[in-house]
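A short write-up of the structure that comes next.
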Amino acid sequence: MKNCIPSYFNNKQNSILLVLSTTIFAELFILIFTPFQSRLWVESDWQFLGWVSLVVLVAMGTIAISRTILYHYAKKHQISYARYGVWIFTEISIMSLIYTLFPLLVLPTFAEQKGLEFFQLFKEAFLDTAFILLIPYTIMILLFEVREKNAYIQHITGASSDYAQPDMYNFYDEKGELKLSAKPETIYYIESADNYVIIHYISTGKKEKLMIRNTLKNIEWRFRDTQLVRCHRSFIVNLSKVQIMRRQEGDVVLDFGEERVAPIPVSKGYGEKVISHFANRINPSN
């Protein structure tokens, strides 16, 4: 869906890069600009360094937990940009609350002497935390976008066709190297696996699968005028092989009519597109 974040925003590799880059930026920022009224809590540089390490550890732990939850949540749900923004807002709020409660609960006498109150501390902590997180978040997301577009351009312009067959479905990896050439009727579906896709197909009467480094987005674009249609965030199906479209435990699934091939789910965002392809297959003149 156009209003949902791309899958590479939240894949495992990019999530780890986001956590590490944010941690490094946070430590450097705090050491240089001393936010959170940090110099109030310490008397020496060594104490300040220890305080910075504690703050960064809290930030790293919170982001790591948050991104792990988001990673698993995204496997079953599509995440809109609005929901992603709320998720980041929640991360900032949780960290700000931790930074606010720490001096009030751990050092209540000191906080009282300095006249520090909850709302004052939370406001300052929220602004500082937002600044610390949003800068590396923005930089890393832009980096992910540029890297993905470069890979995409390389894929569509540099794909080798030395061994590609005109009447076959030809699958390439992200470097443009041909990995599989198969008759259309032998392909069942393609599923996403982080930075890879797994192609499920039939060879000499047996169900086989092949993993190649690429994205469903690239596969979807390359086969946009064929029977290979995106039906879910994690799946592309060969509609010419689908026998039944039905409901199963409240979800819409595509059934191949074979015990050896499990039904594939259809998400709401792709349902209309799948139905349209079915209608065109039944009534080609439309």
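The values are calculated or read from the model by the stated rules, or taken from the named source; none is laboratory data. This structure is a prediction, so every number in the text was calculated from the model and none was measured. Virtual Cβ from ideal backbone geometry, glycine too; neighbours counted across all protein chains shown.
What to note about this one:
- Wholly enclosed strands (runs of 3 or more DSSP E) of region 240-286 bearing at least 1 residues over 23 Å from residue 186 (Cα atoms), modelled with pLDDT of 90 or more and touching a Gly at 6+ places or on another chain (Cβ under 7 Å): none
- Residue 248, sole failed condition from (1) buried (at least 18 other Cβ atoms within 10 Å of the Cβ); (2) closer than 30 Å to residue 68 by Cβ: (1)
- Lone qualifier among 261, 237 - being in contact with a Phe, Trp or Tyr (Cβ under 6 Å, 6 or more places away or on another chain) and in contact (Cβ under 8 Å) with a residue 60 or more places away in the chain: 261
- Of all residues making up region 196-210, the number that are within 20 Å of residue 183 (Cβ to Cβ) and either crowded, with 16+ Cβ neighbours inside 10 Å or under 26 Å from the mean Cα position of the chain (by Cα) (or both): 8
- Hey, residue 253 within 24 Å of residue 11 (Cβ to Cβ) and not acidic (Asp, Glu) or not: no
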